[in-house]
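See below for the structure under consideration.
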Amino acid sequence: MIWLIVIAIIAILLIWGIVTYNKFIRFRENINNAMSQISAQIESRWDALTNLITATKNYQTYESKTLTKIIEDRSSVPQDASVKDIDQDDQRFSNALGVISALAEQYPDLKASNVYLQTMSSVDKYENQVRESRMIYNDTVTRFNRAIKTFPNSLLASPFGFTEQNYFKNTESKQEMPQWSE
C-alpha cells in the first residue's frame, strides 16, 4: 500500500513537472512571437519612412545625400532581437524622423504636399502599432516572469534555464505621443 502512495506521488510530481515545463515553453514562444510582431511593425515603420524620404529627395541635392545616408543606416531588426536592439533601432528611427521633420520645416511646399502628409500619417500609424506591440510584449513578459517566480513553479524554472525576461521601458522621449500632422 505504501508503494502505491509513493508511486502516485512520483506520478503526480512528474505530471506536474511536464505540465509546468510545457507552460514555460508556451510562454517563451509567446514572448518570441511578440518580439517578432515588434520586428515586423518596425520594418513597416522603416518602409513608411523610406517612402517619405523618396518623396522628400527632390527638394535639394544636399538633403538628398543626407536622406540617402539615413536609408543606408537603416538596420533590419532580427526576429530574435533583444529589447536593447529594439531600443537602439528606435533611437536611429527617431534621429531619422527628426532630420526629415527639420527638412519639412525648411520647405513649406513639402510639408503641405499630399504625399508628405499621407506618408507621415503612415509613419504615425506604424508608430502606434509598434507601441501596441510593445504593450503586448510587456504583458506577455509579465505573465512569464510571474509564472517562473511563483512557488512551486520556481523550483522547476531555474534548473531548466527559464530566466526573467526584460521589459520595454519608456524613455523620456517616448513619454508623449509625437504629433506629425497639424
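Throughout, read-outs are computed from the coordinates displayed, never taken from laboratory work. For clarity, every value in this text was computed on a predicted model and none was experimentally measured. Virtual Cβ from ideal backbone geometry, glycine too; neighbours counted across all protein chains shown.
Listing for the model above:
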read-out	value
Mean Cβ count within 10 Å, highest first, over the residues of peptides 107-115, 92-100	92-100, 107-115
Protection proxy ranking of 81-87, 46-52, 139-145 - average other beta-carbon atoms within 10 Å, highest first	46-52, 139-145, 81-87
Peptides 148-158, 119-129 ordered by average Cβ neighbours within 10 Å, highest first	119-129, 148-158
Backbone HN-Hα couplings from phi across segment 128-144 [Karplus 6.51/-1.76/1.60, Hz, Gly and Pro as x]	5, 5, 4, 4, 5, 5, 5, 5, 5, 4, 4, 5, 5, 5, 4, 5, 5
Residue pairs, from the table 111/169; 84/149; 125/169; 84/125, whose Cα atoms sit over 26 Å apart	111/169
